[in-house]
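Right, one structure below, let's go through it.
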Ligand code: SF4
Ligand code: SF4
Ligand code: FES
């Protein structure tokens, strides 16, 4: 076991760690929970071979947001280090505290069963044009499940993100393919170190995508985009389609989209997967600025330095997460904006969670998805 | 533990599917109701495993989904009648959570008839037996769950 961990430490170049502590000083979790420190996690792995690390519940708290890797002078790939140590811990039967009692992990697990015939396309109404075979595919992700689970409590409709994505694509004259048998992309399982389940989901998805003949896959979820673009090729070799987040599609086609004027002061939450993991910062900003009437205000922590929405992988959500969310919402409000735009459905779910409850002191900034904003401004 | 049926000597050739059912019963009413059914020796189908929770309000979507994930063919959630819940509004909460679960189960492509919510009081032993029999019949008719990788068949 010890050798296993040592091998993994080597792969993430943690041996180069200088113990400068820059990671801990930027980590959003360490800011509110001083028993968590990425520097200590690295040191523990190096000096004690990771034995203690494996049974440490804080192992599951890291958001894999890569803010620390951004600052690390010797390029320690901390998120990968976490993933690999977690894989080892998982193989020994250790696990963190899943949010929502593990509902979403069970769903992911069930979705890896090839026998399942989902009925997940009920949201496609008469106004939306989709196909079963074609060049462009829209990968919906877990939105139908989020709709079932969150719509009532949080007073917003996650599935409207899917509907508006198709609306935008239709506006551009694209009739996207939507798959009936699409599975969860497996993003969360990957970062939790459950690579066997991740591979099972990936194999089903790649086969399904191949059958549609798609050359381009569009998604409105940064996590799906990251998985399809980078993680599937990493696990299965190259894939024969291009992957684009909807923000890229909109930015590329600004000339073709006609917008009404909407009066709004907005700020933008860079999702970690879209930003630091994939380097997409400009496209959503360009797209929003092309809508007349929109005033764009930047938060102090933006782009490479953006702060995560506080929870990832539906794991270890606790008071620290809520504090991160709350301080981020305050930061957004302080810019003077009245709406915080996110490009990740999960960011919005997490922020809404921080604002829900009758006794919660509310920051009171409106939340909307990038896709909803763009679709609502389209003419005709 | 449910008692195994004594094996019948005659061997019939047509196989019959035997469902695996998980029943969540709240401590204060339904679990006692099941007990009443047992104490009164009311014969009922033995294909369920009972899990006692303090209140039906504790049964979140995760409980039901985990049971289904592990291969249960049906899941029953049972609590006190409205107004009788030991924790006053626990069973109202149960309704909300059950509705959510139902939606998730439908999206997953499983038949929503595989999960069921019932109110059974401590005195209603016969009703417990009846619900279990009905539900077992219903699940047998639906056949094995697509997530049940080793369905049981009686010879
Ligand atoms: S990846 Fe993010 S949450 Fe994890 S240690 Fe680094 S900064 Fe902290
Ligand atoms: S920033 Fe990099 S070098 Fe500095 S303590 Fe963290 S992991 Fe080590
Ligand atoms: S205690 Fe029986 S339903 Fe709440």
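The values are calculated or read from the model by the stated rules, or taken from the named source; none is laboratory data. Just so we're clear, the structure is a prediction, and the values are computed from it rather than from any experiment. Cβ: placed from backbone, ideal geometry, glycine included. Neighbour counts: every protein chain shown.
Report, by residue number, each residue of region B:107-123 that is facing chain A (nearest Cβ under 9 Å) and over 10 Å from residue A:145 (Cα atoms). Break it down stepwise before answering.
Taking region B:107-123 as the starting set, the residues that turn out to be facing chain A (nearest Cβ under 9 Å) are B:107-110.
Correct list: B:109, B:110.
If residue A:157 meets every condition in (1) within 14 Å of another protein chain (Cβ to nearest Cβ); (2) within 22 Å of residue A:315 (Cα to Cα) apart from one, which number is that one?
(2)
Please verify whether residue B:96 is within 30 Å of residue A:124 (Cα to Cα), in contact with a helix residue (DSSP H, G or I) (Cβ under 6 Å, 6 or more places away or on another chain) and within 14 Å of another protein chain (Cβ to nearest Cβ), treating the condition exactly as stated.
So residue B:96 does not fit the description; no.
Could you please let me know if residue A:295 is surrounded by fewer than 21 Cβ atoms within 10 Å (Cβ to Cβ), touching a strand residue (DSSP E or B) at 6+ places or on another chain (Cβ under 8 Å) and farther than 23 Å from residue A:245 by Cβ?
Taking the combined requirement at face value, the residue satisfies it.
Regarding residue A:59, is this residue away from chain B (no Cβ under 14 Å), part of a helix (DSSP H, G or I), within 16 Å of ligand 1 (Cβ to nearest atom) and modelled with pLDDT under 90? First the steps, then the outcome.
Numbers: away from chain B (no Cβ under 14 Å): yes; part of a helix (DSSP H, G or I): yes; within 16 Å of ligand 1 (Cβ to nearest atom): yes; modelled with pLDDT under 90: no.
When the stated conditions are applied, residue A:59 does not pass them.
Restricting to region A:89-136, give me the number of residues that are under 30 Å from residue A:375 (Cβ atoms), under 23 Å from the mean Cα position of the chain (by Cα), outside any loop (DSSP other than H, G, I, E, B) and more than 7 Å from every other protein chain (Cβ to nearest Cβ).
Residues in region A:89-136 being under 30 Å from residue A:375 (Cβ atoms), under 23 Å from the mean Cα position of the chain (by Cα), outside any loop (DSSP other than H, G, I, E, B) and more than 7 Å from every other protein chain (Cβ to nearest Cβ): 5 in total.
May I ask you to list the residues in region A:1-55 that are without any contact (Cβ under 8 Å) to a residue 12 or more places away in the chain and in a loop (DSSP other than H, G, I, E, B)?
A:34
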